[in-house]
1. With respect to Lys59, is the statement that it is in a loop (DSSP other than H, G, I, E, B), surrounded by 13 or more Cβ atoms within 10 Å (Cβ to Cβ) and among the basic types (Lys, Arg) true?
2. Looking at (1) farther than 29 Å from Glu427 by Cβ; (2) outside the structural domain of Arg281 (by TED's automatic domain parsing), can you tell me which one Gly13 breaks?
3. Residues that are modelled with pLDDT of 95 or more and over 30 Å from Val364 (Cα atoms): list the strands (runs of 3 or more DSSP E) wholly contained in segment 121-197 that include at least 1 such residues.
4. Of everything in segment 97-113, what is assigned to a strand (DSSP E or B) and either at pLDDT below 95 or touching a Lys or Arg at 6+ places or on another chain (Cβ under 7 Å) (or both)? Give them in sequence order.
5. Look through segment 342-360, keep the residues that are surrounded by 15 or more Cβ atoms within 10 Å (Cβ to Cβ) and without any contact (Cβ under 8 Å) to a residue 24 or more places away in the chain, and return whichever of them is farthest from Asp272 (Cα to Cα).
6. Scanning for something surrounded by 14 or more Cβ atoms within 10 Å (Cβ to Cβ), out of contact with any His (no Cβ under 9 Å at 6 or more places or on another chain) and over 25 Å from Ala42 (Cβ atoms), does segment 296-305 turn up at least one residue?
7. For segment 254-278, which positions are in contact with a helix residue (DSSP H, G or I) (Cβ under 9 Å, 6 or more places away or on another chain) and either polar (S, T, N, Q) or buried (at least 16 other Cβ atoms within 10 Å of the Cβ) (or both)?
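The values are calculated or read from the model by the stated rules, or taken from the named source; none is laboratory data. Predicted model only: the values in this text are computed from it and were never measured. Note that each Cβ is placed from the backbone with ideal geometry, even for glycine, and that neighbours are counted across all protein chains shown.
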Amino acid sequence: YFRKLESDQDFEGDLHGKDGPITIRRVKEDKWTGYSRAAAKALTNYGLTPLEDQNGAYKDGWFPTSISNHPDDHRQSAAMGYLNAEVRKRPNLEIRSETQVEKILFDGTKAIGARVRRGGQSETINGHEIIVSAGALHTPALLMRSGVGRVGHLREHGIELVADRAGIGANLNEHPTLAVSAYLTREARLHERDRGHAQVAFRYSSGIEGCGAQDMYVSASSKSGWHAVGIRLGSFLLWCNKPYSRGTVGLSSADPGAEPDVDFALLSDSRDFERMKDAIRRMAEIFTDPVLSAIARDPFPSCYSEAVRRIGKVTTRNKILTSILAAIMGGPSPLRRAAVHYFITEGVTLKNCLEDDAAMEDYVRDGTTGCWHPSGTCRMGRADDPMAVTDSAGRVYGVENLRVCDASIFPCVPRANTNIPTIMCAEKISDAIKTG
């Protein structure tokens, strides 16, 4: 089903599709930034094997990043790939934007439709089979609001029980992420007209006790934001490819307009915490390679902090502020380090983290965020598993005519980004629906 969705522009063979709706390609080496080239050389010097194909044999090494982008470097979404003009003309397809599903409707334990709201008006839509694809945070919340979930939790919110499924909202997976960034010399930066900043990445095995192989992933990103500061920073964006921490999703209210109560519990498993600390030390070492340090100056620990969030909003004010900060960072190294210290890291330095275990632990604990890969909150499993929510075709246990098709059905988050695996699941479940 991976082959079915792919149109790989670079590779053929059993591991690649050629006729699917989603373009898979890599930025050619002659288009790489100076930072990407230097990073690749430094990674080879570090002992990582160059691999031609990220989607080939799964082993440690660095490789050109596989991306689902058009040749013009615009991201190709599932909607762009599948909802073409011909599909949109189908008489049995209706696409409703700005519409919220409030509740799945049941006759006993049989799903018969959904109540939706648009423009302040509620409407009932009936169907022979209901398929939920609201994502790993909102799918469990929708099921719980509809009476399918852990009985005690539903009672707390005054929701009538349809089916008691304790696994709904449990098993929340996410890739914990941090970064080490550096100031790039002008010749090493991404050209302002280019968009493809994810050109090189690598996998490695941490060797931390209790962790499997290829358990870590790092992207050598040639840009860290839309603004003047972001285009001057190169980063090693790292995450635990195989996390062991598990969080939960619950209801904050029975009100369909209320966001769910989400606890990612990142780093709650000590193996994740230890690997993140180890990864920062590894990235710091790689940045000392002469070929990389020549074009990537003054590396520092970075994360998606509140300060970074604020400055990341696309506003005229932020454009002006980041232009001023970028000018300061272009000055002498002491001035650049001071700007990073006060405006980006809020006092955290790589030197302190490497020399002081307590400082490292504080940075990792405070700075780690998710990687926009939530998964697992309606995981598939055997019918006799009390924590399983769906079977391998997405059918929800305990009810009829209801399926889930999104990243929530993953038993665990893949050792990869979640976009393509989610589309793969949709292809597989689509075939299951058609064959009954």
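1. On the way: in a loop (DSSP other than H, G, I, E, B): yes; surrounded by 13 or more Cβ atoms within 10 Å (Cβ to Cβ): no; among the basic types (Lys, Arg): yes.
Considered against the rule, which asks whether it is in a loop (DSSP other than H, G, I, E, B), surrounded by 13 or more Cβ atoms within 10 Å (Cβ to Cβ) and among the basic types (Lys, Arg), Lys59 comes out as no.
2. With respect to (1) farther than 29 Å from Glu427 by Cβ; (2) outside the structural domain of Arg281 (by TED's automatic domain parsing), Gly13 is out only on (1).
3. On the way: elements: 121-126, 130-132, 177-184.
Passing ranges, in order: 121-126, 130-132.
4. Applying the first criterion (assigned to a strand (DSSP E or B)) to segment 97-113 yields 100-107, 110-113.
Of everything in segment 97-113, those that are assigned to a strand (DSSP E or B) and either at pLDDT below 95 or touching a Lys or Arg at 6+ places or on another chain (Cβ under 7 Å) (or both) turn out to be Gln100, Glu102, Lys103, Leu105.
5. Ranking the qualifying residues of segment 342-360, first place goes to Asn352.
6. Checking segment 296-305: at least one residue is surrounded by 14 or more Cβ atoms within 10 Å (Cβ to Cβ), out of contact with any His (no Cβ under 9 Å at 6 or more places or on another chain) and over 25 Å from Ala42 (Cβ atoms).
7. Pro256, Pro260, Val262, Leu266, Leu267, Phe273, Met276, Lys277
For every residue, the table says whether it meets (1) under 29 Å from Trp226 (Cβ atoms); (2) assigned by TED's automatic domain parsing to the domain that holds Met283; (3) touching a residue at least 12 places away in the same chain (Cβ under 8 Å).
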residue	(1), (2), (3)
Gln121	no, no, no
Ala134	yes, no, yes
Val151	no, no, yes
Ala182	yes, yes, yes
Arg186	yes, yes, no
Glu192	yes, yes, yes
Gly196	yes, yes, yes
Val200	yes, yes, yes
